[in-house]
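Report on the structure given below.
The values are calculated or read from the model by the stated rules, or taken from the named source; none is laboratory data. Quantities reported herein were computed from a predicted structural model and do not represent experimental measurements. All Cβ positions, even for glycine, are placed from backbone atoms using ideal geometry, and neighbour counts span all protein chains on display.
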Amino acid sequence: MDLFSAASASQRKREAPLATRMRPERFEDFVGQQEIVGPQRLLRRAIEADRLTSMIFYGPPGTGKTTLAFLIAKYTKAHFETVNAVSTGVAELRRLISEAKERSLL
């Protein structure tokens, strides 16, 4: 056990960065992009039916890419990894890719 695993989930959430604490947890709270993820829209129906294969989000910071990815992970059976492109090394990326390949074979 390390220092971080000893903290309770509620304590970690309380002490998380503001952006993490304020992130929408339901599509109804997700602001913007209603033409794509609004009720009965194609992407929203695919997410709710758990019929997505893969997606790449591209755009400037603060446009909802990470929030949408979290919502997709929550509403589907998808495995979700958060990776910081600045601080993640090649070895860690290779490990994550290897684990993803193993999951896809199961």
Exercise. Of the conditions (1) more than 25 Å from LYS101 (Cα to Cα); (2) in contact with a Pro (Cβ under 7 Å, 6 or more places away or on another chain), THR67 clears all except one; give me its number.
Key: (1)
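So is LEU68 in contact with an Asp or Glu (Cβ under 8 Å, 6 or more places away or on another chain) and either exposed (fewer than 13 other Cβ atoms within 10 Å of the Cβ) or hydrophobic (A, V, I, L, M, F, W, C) (or both) or not?
Taking the combined requirement at face value, the residue does not satisfy it.
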Quiz prompt | Conditions (1) exposed (fewer than 10 other Cβ atoms within 10 Å of the Cβ); (2) over 18 Å from the mean Cα position of the chain (by Cα); (3) at pLDDT below 85; number of the one not met by ALA7 | solution = (1)
Quiz item: Quick one: in the stretch 73-106, which of the residues that are at pLDDT below 90, closer than 19 Å to ILE47 by Cα and among the hydrophobic types (A, V, I, L, M, F, W, C) is surrounded by the fewest Cβ atoms within 10 Å (Cβ to Cβ)?
Solution: PHE80
Exercise. Could you check ILE47 against (1) more than 12 Å from the chain's Cα centre (by Cα); (2) surrounded by 13 or more Cβ atoms within 10 Å (Cβ to Cβ); (3) in a loop (DSSP other than H, G, I, E, B) and say which number it fails?
Key: (3)
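Of everything in the stretch 71-99 that's touching an Asp or Glu at 6+ places or on another chain (Cβ under 9 Å) and part of a loop (DSSP other than H, G, I, E, B), which residue is nearest to GLY32 (Cα to Cα)? First the steps, then the outcome.
As a first pass, look at the stretch 71-99 and keep what is touching an Asp or Glu at 6+ places or on another chain (Cβ under 9 Å): 71, 74-79, 81, 83, 96, 99.
Restricting the remaining residues to those that are part of a loop (DSSP other than H, G, I, E, B) gives 76-79, 81, 83.
Details: THR76: 21, LYS77: 24, ALA78: 23, HIS79: 25, GLU81: 24, VAL83: 24 Å.
Across the stretch 71-99, the extreme among qualifying residues is THR76.
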Quiz item: Looking at (1) at positive phi; (2) touching a residue at least 24 places away in the same chain (Cβ under 8 Å), which is the one condition that is false for GLY59?
Solution: (2)
Quiz item: Is it true that PRO60 is modelled with pLDDT of 90 or more, of a type outside the set (Lys, Arg), in a loop (DSSP other than H, G, I, E, B) and surrounded by 10 or more Cβ atoms within 10 Å (Cβ to Cβ)?
Solution: no
Exercise. Quick one: in the stretch 21-40, of everything that is surrounded by 10 or more Cβ atoms within 10 Å (Cβ to Cβ) and within 20 Å of ALA78 (Cα to Cα), which residue is modelled with the lowest pLDDT?
Key: ILE36
